[in-house]
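Below: the structure, in C-alpha cells.
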Amino acid sequence: MAGSRRRTLDQRLFGGGPKRILALDGGGVRGILSAGILQELERRLALRSGRTDFRLCEYFDLIGGTSTGSILAAGLAMGKSCAECAELYREIAPDVFNSKAKNAGIRKPRFNAAKLEAALARALGDHELSSNALKTGLAIFAKRVDTGSAWTLTNNPRSKYWEGSTLGAAPNKRLVVRKLVQASAAAPTFFDEVRLTLDQDGALVENAEGVFVDGAIAGLNNPSVQLLKVATLKSFGLEWPSGEDQILMVSVGAGYWRPRIDATTFASTALDEIAPTAARAIEALKTMIHDTTVGAVSTMQAISRSPRPWRIDSEVEDMREDHLSPFPILSFQRMDVGLDADALKALDFDYAEADILRMRDLATDDPATLARLHDIGLRTGQSYFRNAPGREAQDWENQILPPRFDPEFFSDRALGQPKTRLDAMGRLFERRLTSGD
C-alpha cells in the first residue's frame with residue numbers, strides 16, 4: 001500500500017535520497033495569498049501521488065518560515081491542508097486584527113498579543129518541537145533582541161541545543177511550537193515582544209528569559225538562504241548533500257511591491273505629527289524588509305538552477321545567465337506576485353488603486369480584501385505552470401517540480417487521467433512499445 005512507504009521524520013531528516021525544502025516569507029495576513037499559491041502546488045502533487053488526501057508535509061522534508069510564514073510552516077508540518085491554512089487566516093483576522101480595536105502603535109502596540117496567542121493555541125495546540133504531531137522537518141526564525149541574535153529553531157534532534165546546554169539552559173526540544181511561532185510573528189509596533197523562559201527546572205542560567213520579535217528584524221523575512229544553511233551546514237546537524245539533483249527548494253512570497261516614498265510628504269502617519277524625524281526613520285527602515293527579501297532571492301538564483309527565475313531589478317533582470325558558479329548548489333523556484341496594477345492585470349485582475357493599497361496591509365480584517373488576496377494567490381500558483389502566449393510550450397510542472405524529486409510512494413499511484421498532452425503522448429508511446437506495434 002502507498003501509505004506504508006511514507007517516510008518517518010527520522011528518515012526524512014537523515015535518510016538518503018534527494019531532499020525537498022519549502023521556504024515561506026513573512027507578510028502578515030497576506031499569508032492567505034501564500035496559502036493560495038501553495039494550494040496549486042498541493043493540487044498538482046496530489047495528482048502525482050494518486051491520493052486525494054495528500055498533504056505537502058508528505059512531499060517536503062523541511063518546511064521553514066518567518067512571521068506569518070512560520071504560521072503556515074507549522075500548520076503544514078502538522079499535516080494541515082493548504083485550504084485549512086487559508087481558512088485559518090479568515091478565522092484569525094477578524095479577532096486579532098479588528099480595525100475597531102486597534103491602536104496607533106505609538107505608545108502601545110496596534111494589536112492585542114493575547115488574541116494572537118489564543119488563536120495560535122486553537123490552531124496549533126501545545127505541541128513541543130519534539131512532538132510527533134510534526135510530520136516533517138520544521139524551522140522557525142525569530143530575532144532575540146536581548147542578546148542581539150538571530151535564532152533558528154528546528155525539530156532536528158541532532159541540532160546543537162536539542163538537549164539543552166551544559167549551563168542548564170532548557171532543551172530546545174521542550175519549546176512549544178505555537179510560542180515560537182508567536183515570537184517569529186511579533187512584529188514591532190504591531191504586537192508586544194514575546195518572552196520565553198529558557199532555563200531548566202529553575203536553574204540559574206544567564207539570560208534565562210529571552211525577548212523575541214519578528215524574524216524579519218534579523219533580515220530573515222525571506223528565510224530561503226538560512227534554510228539552505230540549515231539543510232547543508234554541519235553546524236545545524238543535517239548535512240544534506242548539495243547539488244541541483246540533490247536539493248529542491250520552493251520559495252513562496254506573500255505579495256510584493258517596491259516601496260516608494262514620496263519625498264514631498266515622506267510620512268503621513270499619526271507619528272509624523274508627533275515626532276516627524278522618528279516617523280521618517282521608521283518609513284525608511286520599513287523598506288529594509290523588501291531589500292533583504294529581494295537580496296535573498298538574488299542570492300538563491302545566483303547559486304541555483306531556476307526554471308522560471310524571478311526578475312530582481314533593471315540592472316540584473318532575472319539573472320538567467322548570471323551565476324556565481326557553473327555548478328548549481330540546488331534547484332530553486334521563487335513563487336510570488338507583484339501587488340501592483342500591471343502585475344495583477346497580467347493575471348486578469350482589474351482592481352482599483354484603493355483596493356490594491358488595502359491588500360498591501362499587513363493586518364487587515366476586511367473579508368473582501370482577504371478573499372481578493374486568496375484569489376490572487378490561487379491564480380499566481382496556476383500561472384507558474386502555464387505557458388505564456390506566443391512562447392514555445394514548456395512542461396513547467398516537471399521543470400519546477402522535477403520527477404526525480406518525487407517521494408518513493410508516488411511510484412505506487414494509479415496512473416489516472418493524463419495531466420498534460422506530453423503525459424498522454426508518453427503513455428501512448430509506452431503502450432505501443434509494450435504491445436510490439
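The values are calculated or read from the model by the stated rules, or taken from the named source; none is laboratory data. Since the structure is predicted, the reported quantities are computational estimates derived from the model, not experimental observations. Note that each Cβ is placed from the backbone with ideal geometry, even for glycine, and that neighbours are counted across all protein chains shown. Surface areas here come from the heavy atoms of the whole protein model, side chains and all, with no ligands, DNA or RNA. Shrake-Rupley method; radii C 1.70, N 1.55, O 1.52, S 1.80 Å.
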| remark: Rounded to whole Å², per residue accessible area for the range 272-392 with a 1.4 Å probe reads 54
| request: Report the FRET efficiency, 1/(1 + (r/R0)^6), for residue 147 and residue 371, where r is their Cβ-Cβ distance and R0 is 41 Å, rounded to 0.05. | output: 0.50
| note | Computed ³J(HN,Hα) along the range 346-360: with the Karplus parameters 6.51/-1.76/1.60, θ = phi - 60°, integer Hz and x for glycine or proline, the list is 5, 9, 6, 9, 10, 9, 5, 4, 5, 5, 5, 5, 5, 6, 7
| Using the Cβ atoms and a cut-off under 10 Å, what net charge is assigned to the surroundings of residue 232, where Lys and Arg are +1 and Asp and Glu are -1? | +2
| note | Length gained if residue 291 through residue 95 is fully extended, taking 0.36 nm per residue and subtracting the Cα-Cα distance, is 67.5 nm
| query | Once you put a point 7 Å from the Cα of residue 189 and another 7 Å from the Cα of residue 325, both along the Cβ direction, what distance in nm separates them? | reply | 4.0
| With every protein chain in place, the range 1-51: carbon and sulfur % of accessible area (1.4 Å) | 52
| Whole-number percent relative contact order across the range 48-197, with pairs defined as alpha carbons under 8 Å at least 6 apart | 30
| Can you pull the accessible area of residue 286 for me, 1.4 Å probe, Å² to the nearest 10? | 120
| query | For the range 52-135, what is the accessible area per residue in Å² when the probe is 1.4 Å? | reply | 41
| field | Prolate/oblate/rounded call for the range 111-195, Cα gyration tensor, a/c under 1.5 rounded | value | oblate
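Which net charge results when you count Lys and Arg as +1 and Asp and Glu as -1 among the other residues whose beta-carbon is under 13 Å from that of residue 157?
Charge balance in the 13 Å sphere: +2.
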| query | Hey, which of these cross-link pairs are over 20 Å Cα-Cα: 19/229; 19/234; 143/229; 135/234; 80/173; 160/234? | reply | 135/234; 80/173
| task | Please find the FRET efficiency linking residue 121 to residue 382, where r is the Cβ-Cβ separation and R0 is fixed at 45 Å, and quote it to the nearest 0.05. | result | 0.85
| task | Please turn the phi angles of the range 317-328 into ³J(HN,Hα) values with the Karplus equation 6.51 cos²θ - 1.76 cosθ + 1.60 (θ = phi - 60°), one per residue in order, whole Hz, x for glycine and proline. | result | 6, 9, 6, 4, 10, 10, 9, 6, 8, x, 10, x
| request: Working with all protein chains in place, sort 43, 55, 158 by solvent-accessible area computed with a 1.4 Å probe, largest first. | output: 158, 43, 55
| task | Grab the beta carbon distance between residue 281 and residue 392, set R0 = 56 Å, and tell me the FRET efficiency rounded to 0.05. | result | 0.70
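Once you sort the root eigenvalues of the Cα gyration tensor of the range 205-254 as a ≥ b ≥ c, which label holds: rounded (a/c under 1.5), prolate (a/b larger than b/c) or oblate (the other case)?
Values: a/c = 4.43, a/b = 1.51, b/c = 2.94.
Judged from the Cα gyration tensor, the range 205-254 comes out oblate (a/c at least 1.5, b/c at or above a/b).
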| message | From the protein chains alone at 1.4 Å, what is the descending order of accessible area for 384, 161, largest first? | response | 161, 384
| task | Pull up all non-local amide H partners of residue 19: gap of 5 or more, or a different chain, and H-to-H distance under 5 Å with H placed in the peptide plane. | result | 247, 248
| task | Report, in debye and to the nearest 20, how large the dipole of the range 270-350 comes out about its Cα centre when Lys and Arg carry +1 and Asp and Glu carry -1 on their Cβ. | result | 420
| request: Run the quick spin-label model on residue 235 and residue 161: label points 7 Å from Cα toward the beta carbon, then report their separation in nm to one decimal. | output: 1.3
| request: Grab the other residues whose beta carbon is less than 15 angstrom from that of residue 83, score K and R as +1, D and E as -1, and report the net. | output: -2
